[in-house]
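> What follows is a structure written as structure tokens; I'll ask about it next.
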Amino acid sequence: MKEREQAVKERESVKERESVKEREQSVKERESVKQHHIRWLKGGEALVIAVTAQGIVLRSTVPSPPGSRIDGTLVGEPQATVRVKVHTCRRQPDGAYVVEGRPLDLTRDTRERLDALTR
């Protein structure tokens, strides 16, 4: 009887460990599937975090120094050019960069599309 109870406990323990592994894998897959909103012309991509009347916050795969201008294209149809004058660029623990700056030469349509990405 004790052997049977022990075998049941072992199976439950294995199932719990497999369940935890599946959840961890699911989270990793969801994070890797995050679609980037902007592709930089110099290489790399960025997610739009926030858009305000005077600024934009991006999570970029590549750094850009303060004072520089970084050019890219908005992913999706129709493609649009996005230019940002960088104010700050901070490296995050996961290796990404948070870029804050001022969008340059945005059309009303492009600004509305960027704003919609943050909602």
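> Residue by residue through the stretch 76-90, what is 3J(HN,Hα) from phi via Karplus (6.51 cos²θ - 1.76 cosθ + 1.60, θ = phi - 60°)? Round to whole Hz and write x for glycine and proline.
With coefficients 6.51, -1.76 and 1.60, one gets x, 9, x, 5, 9, 7, 10, 10, 9, 8, 7, 9, 9, 9, 10 Hz.
> Further question: How much length is gained if the chain between residue 73 and residue 7 is pulled fully straight, taking 0.36 nm per residue apart and subtracting their Cα-Cα distance, in nm to one decimal? It would help to have the intermediate numbers written out before the result.
Numbers: separation 66, 0.36 × 66 = 23.76 nm, distance 5.83 nm.
The span from residue 73 to residue 7 would gain 17.9 nm if fully extended.
> For the stretch 38-117, what size does the Cα cloud have along each of its three principal axes, sorted from largest down, in whole Å?
Each principal axis gives a Cα extent; for the stretch 38-117 these are 33, 23, 20 Å.
> Here is a further query. Of all trypsin sites (Lys or Arg not before Pro) in the stretch 33-113, which ones are in loop regions per DSSP and have a Cβ with at most 12 other Cβ atoms within 10 Å?
Within the stretch 33-113, the qualifying trypsin sites (Lys or Arg not before Pro) (loop, at most 12 other Cβ atoms within 10 Å) are 34, 42.
> Starting from the Cα of residue 119, step 7 Å along the direction of its Cβ; do the same at residue 90; then give the gap between the two resulting points in nm.
Using points 7 Å along Cα→Cβ, the separation is 2.8 nm.
> What net charge is computed for the residues neighbouring residue 2, neighbours being all others with C-beta under 13 Å from the C-beta of residue 2, Lys and Arg scored +1, Asp and Glu -1?
-1
Bear in mind these aren't lab numbers, they're just calculated from the coordinates by the rules spelled out. The structure displayed is predicted, hence computed values, not measured ones. For neighbour counting, all protein chains shown are included, and Cβ atoms are generated from backbone atoms with ideal geometry for every residue, glycine included.
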